[in-house]
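The values are calculated or read from the model by the stated rules, or taken from the named source; none is laboratory data. None of the values given here were measured: they were computed from a predicted structure. Positions of Cβ are generated from backbone atoms using ideal geometry, with glycine treated the same way; all protein chains shown enter the neighbour counts. Side chains are part of the model used for accessible areas, which takes the heavy atoms of the whole protein and leaves out ligands, DNA and RNA. Shrake-Rupley method; radii C 1.70, N 1.55, O 1.52, S 1.80 Å.
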Amino acid sequence: MTALLVAPGSTPSSVTSTLDMVAVARRHPAAADCRLDLLSASGGEIALAPALRLQTTALPERLDDYAAILVSGFFAADFADLVRQLGAVWQPAIQRLAALPADRLVAASCYGSFVLAESGRLDGRPATTPWWLAEAFRQRYPRVRLDADQALVDAGPTITAGAMTAHVDLSLHVLRRLFGAPLARQVAGIMLIDGARRSQRPFKSLPQRFADPLIDAAAGWLSRHASQDVSTQALAAALAVSYRTLHRRFVAAAGMPPLTYLQALRIEHARELLETTRDSVERIVETVGYRDSSAFRRLFARQVGLSPAEYRQRFRHPEPKLLEPD
């Protein structure tokens, strides 16, 4: 038996994708007896979205009878709202997860990774979480060995996946662990899951607006001058502030120094050009403000996790095909 823990506001895709995957898996003899229970704190009908409601069973006192327990992703307006939900609607699930035997398989995607971490089950283990909350996760759960670059991390009794659609990879991996690789390959083939997503890095985007007015102005200045040779002294002079003050506040707001942020801006612009133009990599390197193509390729691969050519092949927007009239 397998359980999926849900609550009002769980992402519909994390629920429906798991239901679909189990339904496909049950067609095969190895998983014919597979059962997925949908469990919520109080049971009964809960709303996932205005147009989607779900019948659930109330959480039992213990979850020991389940071979694997998955935690759904869920929506939160901001980090404060996420923390509020952890202390309210997710508390019954967190308590039961904490009481499970240490070797029981538990898995979570997206914000559900915070539920697992809150229960203590990720302590001392590698894990991943949505890339945009990596620093907040790291500060709240210092015992977890976080690697937010990874799309999915299997740490034995725990499996975590990154942002929302990674729940598909998570559910497939749980089936692989429970019923073996041949069944997982068959399910993946029927559902057209290619399993190619290994890293969240190609999907990361750079924040370009900041609450600190000085850093918001600095980021705007760097964006406007990103293709030029700029220095931190020129940036500080343009903002009429000392470099020491600028550096300190920039690191606090953006998590990186100004010149590192400038590099990230150039990488962001290069990604856009690789996706939307046919320009050569050499032309793109020049456009975004670099002169050494080899150095840029190394920097791009280090930051994005793919070479420029691999990134273009994977993410370039296809041109629409015009069908010839009969």
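Summary of computed values
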| quantity | calculated |
| --- | --- |
| Residues of the stretch 293-310 satisfying the condition of being within 25 Å of Trp221 (Cβ to Cβ), touching a helix residue (DSSP H, G or I) at 6+ places or on another chain (Cβ under 8 Å) and open to solvent by 30 Å² or more (accessible area, probe 1.4 Å) | Gln303 |
| Residues of the stretch 217-261 satisfying the condition of being under 33 Å from the mean Cα position of the chain (by Cα) and of a type in the set (Phe, Trp, Tyr) | Trp221, Phe250, Tyr261 |
| Residue ranges of helices (runs of 4 or more DSSP H) in the stretch 91-164 with at least 2 members on the phi < 0 side of the Ramachandran plot and open to solvent by 10 Å² or more (accessible area, probe 1.4 Å) | 91-98, 134-140 |
| Count of the stretch 17-42 residues which are in a helix (DSSP H, G or I), without any contact (Cβ under 8 Å) to a residue 40 or more places away in the chain and over 22 Å from Leu97 (Cα atoms) | 2 |
| The lone exception for Leu52 - which of (1) at pLDDT 95 or above; (2) closer than 30 Å to Gln186 by Cα it fails | (1) |
| Filter pass, Gly87 being open to solvent by 20 Å² or more (accessible area, probe 1.4 Å) and under 17 Å from Glu118 (Cβ atoms) | yes |
| Residue list for the stretch 262-294, restricted to those being within 16 Å of Val230 (Cα to Cα) and of a type in the set (Lys, Arg) | Arg266, Arg291 |
| The stretch 267-289: number of residues that are of a type in the set (Ser, Thr, Tyr) and either crowded, with 19+ Cβ neighbours inside 10 Å or in contact (Cβ under 8 Å) with a residue 40 or more places away in the chain (or both) | 2 |
| So Ala264, is it of a type in the set (Gly, Ala, Ser), assigned to a helix (DSSP H, G or I), surrounded by 15 or more Cβ atoms within 10 Å (Cβ to Cβ) and over 21 Å from the mean Cα position of the chain (by Cα) | no |
| Subset of the stretch 267-280 (residues that are of a type outside the set (Asp, Glu) and either at pLDDT 90 or above or more than 28 Å from the chain's Cα centre (by Cα) (or both)) | Arg278, Ser280 |
| Scan of the stretch 141-166 for residues that are free of Cβ contacts under 8 Å to residues at least 24 places away in the same chain and over 21 Å from Met21 (Cβ atoms), ordered by number | Pro142, Arg143, Arg145, Leu146, Asp147 |
| In the stretch 1-58, the residues that are under 24 Å from the mean Cα position of the chain (by Cα) and β-branched (Val, Ile, Thr) | Thr2, Val6, Thr11, Val15, Thr16, Thr18, Val22 |
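Per-residue answers, yes or no, for (1) open to solvent by less than 50 Å² (accessible area, probe 1.4 Å); (2) in contact with a helix residue (DSSP H, G or I) (Cβ under 6 Å, 6 or more places away or on another chain); (3) of a type in the set (Val, Ile, Thr); (4) not in a loop (DSSP other than H, G, I, E, B):
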position: Ala226; (1), (2), (3), (4): yes, yes, no, no
position: Gln233; (1), (2), (3), (4): no, no, no, yes
position: Ala238; (1), (2), (3), (4): no, yes, no, yes
position: Val241; (1), (2), (3), (4): yes, no, yes, no
position: Val251; (1), (2), (3), (4): no, no, yes, yes
